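Only one structure is covered here, and it is reproduced in the block below.
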Amino acid sequence: MTAVVPDPVSVGARTPVRTATPRHYLMCPPTYFTVEYAINPWMQPGIDVDRHRALAQWDALRRTYLDLGHRVDLLTPVPGLPDMVYAANGATVVDGTVLAARFRHPQRAGEAVAHATWFRAAAARVVEPEFVNEGEGDLLVVGDLILAGHGFRTDPRAHAEAARVFGREVVSLELVDPRYYHLDTAVAVLDATTIAWLPEAFRPASRALLQEHFPDAVVADATDAAVLGLNAVSDGRHVVLPIRATRLAAAVAERGFVPVPVDLSELLKGGGGPKCCTLEVRS
Ligand code: ARG
């Protein structure tokens, strides 16, 4: 009798087994979170925000990362910076080098300073940017590549700047739908070679580029995107994503990833989800 030994990288219907790697994240509690200005279509100034609920939801996200074995550092929230909870926008960190952010809107300018100060205190090399870039909102690391968005926030000239600072190839992508104003609302990085994305969020030429680089990408649909389902954080195996993005959760599960749904409904009022609240510190 011959024993059938399953191929270690695939089980069942050849679904790959995905591997998590420990991550280091920076987050900022929504202590001063409000929606008092509108800089994206999700924001309705003056809408009731339940800050206790926002804090509880944010804390559940933080604990989810800790339970998955990741490290989470915290940035001290600053009064008067209500969007500071969206820590992903405050910087981009690759190989220990920090490209500071430079926000498009003056309301968020102080956040870049808070991030740069934190990284300098942590003895990191911080590069001050020449052009507007909203951190990991528009600069997404996929393996050796950086996907870079423009159209609403980040200046396209910041893409070449990021390529120079990090010494990496940058793929420039133009966003066209104001609801998906940051790249991290239209693309989710699942691992070094896999993304999930919403094709309609991009100019046709950018769509073609993504298709060429990621022929096996998970294609999200409009209903997933409309609950910011693509605003997800993956450690290579676990994909932390908004609880309402049920189809996307099923689609990533089919590819061998493990969806980890979280409810950030209060923070959606500011136009953000799990990824917006999470800056990855890549040493
Ligand atoms: N209210 C914030 C803004 O419009 C939300 C930022 C969301 N962050 C993100 N990474 N997409 O700037």
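Throughout, read-outs are computed from the coordinates displayed, never taken from laboratory work. Because the structure is predicted, anything quoted here is derived from the model rather than measured. FYI the Cβ positions are ideal-geometry reconstructions off the backbone, even for glycines, and counts take in every protein chain you see.
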With θ taken as phi - 60° and the coefficients 6.51, -1.76 and 1.60, list the Karplus ³J(HN,Hα) couplings across segment 230-244 in order, rounded to whole Hz; mark glycine and proline as x.
7, 7, 10, 10, 10, 9, x, 9, 8, 10, 7, 9, x, 4, 7
Fully extended contour minus Cα-Cα distance, from residue 157 to residue 71, at 0.36 nm per residue:
27.7 nm
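Normalised by the number of residues in the chain, what is the relative contact order in percent for Cα pairs under 8 Å and 6+ residues apart? All intermediate terms of the calculation are to be shown ahead of the outcome.
Details: 615 pairs, mean separation 62.8, N = 283.
So the answer I get is 22 percent.
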Which residues qualify? For residue 154, with a placed amide H closer than 5 Å and at least 5 residues away or on another chain, they are 134
Residue 80 neighbourhood, Cβ < 13 Å, K/R = +1, D/E = -1, net charge -2
Among 134, 280, which comes first, then next, by fewest other beta-carbon atoms within 10 Å?
280, 134
A correct Karplus calculation of ³J(HN,Hα) over segment 169-183, with 6.51 cos²θ - 1.76 cosθ + 1.60, θ = phi - 60°, whole Hz and x for Gly and Pro, returns 6, 10, 9, 7, 9, 9, 8, 10, 9, x, 5, 10, 7, 10, 4
Highest GNM mean-square fluctuation, the chain, Cα pairs closer than 10 Å: which of 46, 256, 90?
46
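Sorting 66, 210, 139, 241 on the 10 Å Cβ count, fewest up front, what's the list? Write out the running numbers ahead of the final one.
Values: 66 11, 210 19, 139 27, 241 31.
Going from sparsest to densest Cβ surroundings: 66, 210, 139, 241.
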Which loop chymotrypsin sites (Phe, Trp or Tyr not before Pro) in segment 12-115, with loop taken from DSSP, have no more than 16 other Cβ atoms within 10 angstrom of their Cβ?
32, 37
For residue 125, the residues 5 or more places away or on another chain with a placed amide H closer than 5 Å to its own amide H are 98
Enter the angle in degrees (range 0 to 90, nearest 10) between the Cα long axis of helix 109-121 and the first principal axis of the Cα atoms of the chain, meaning the one along which they spread out most.
70
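For 144, 59, what ranking results if the residue with the fewest other Cβ atoms within 10 Å of its Cβ goes first?
144, 59
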What residue among 231, 40, 89 shows peak mean-square fluctuation when the chain is described by a Gaussian network model with Cα springs under 10 Å?
40
What are the ³J(HN,Hα) values, in whole Hz, obtained from phi via the Karplus relation 6.51 cos²θ - 1.76 cosθ + 1.60 with θ = phi - 60°, for each residue of segment 137-154 in sequence order, with x given for Gly and Pro?
x, 10, 10, 10, 8, 10, x, 8, 9, 10, 8, 10, x, 8, x, 10, 10, 5
Under 8 Å for C-alpha pairs, at least 6 residues apart: give me the relative contact order for segment 134-236, rounded to a whole percent.
26
Using a Gaussian network model of the chain whose springs link C-alpha atoms within less than 10 Å, name the residue from 136, 169, 212 with the highest mean-square fluctuation.
212
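DSSP beta bridges in the chain, what fraction antiparallel, as a percent rounded to 5? Let's see the in-between values first.
Values: 20 of 40 bridges.
Of the beta bridges lying entirely in the chain, close to 50 percent run antiparallel.
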Take the alpha carbon atoms of segment 229-283, find their center, do the same for segment 125-172, and report the distance between the two centers in whole angstrom.
22
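Under the rule a/c < 1.5 gives rounded, and otherwise a/b versus b/c splits prolate from oblate, where does segment 8-105 land using the Cα gyration tensor?
Values: a/c = 2.09, a/b = 1.73, b/c = 1.21.
Prolate, since a/c reaches 1.5 and a/b exceeds b/c.
Please label the shape of segment 174-283 as rounded, prolate or oblate, based on the square roots a ≥ b ≥ c of the eigenvalues of the alpha-carbon gyration tensor (a/c under 1.5 means rounded; beyond that, a/b larger than b/c means prolate, else oblate). Spell out each step's value before the answer.
Values: a/c = 1.40, a/b = 1.12, b/c = 1.25.
Here segment 174-283 falls in the rounded category.
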Below 12 angstrom from the Cβ of residue 24, what's the summed charge of the other residues (Lys, Arg +1; Asp, Glu -1)?
0
Quick query: amide H of residue 72 versus all other amide H atoms, modeled in the peptide plane; which residues come in under 5 Å with a sequence gap of 5 or more or a different chain?
25
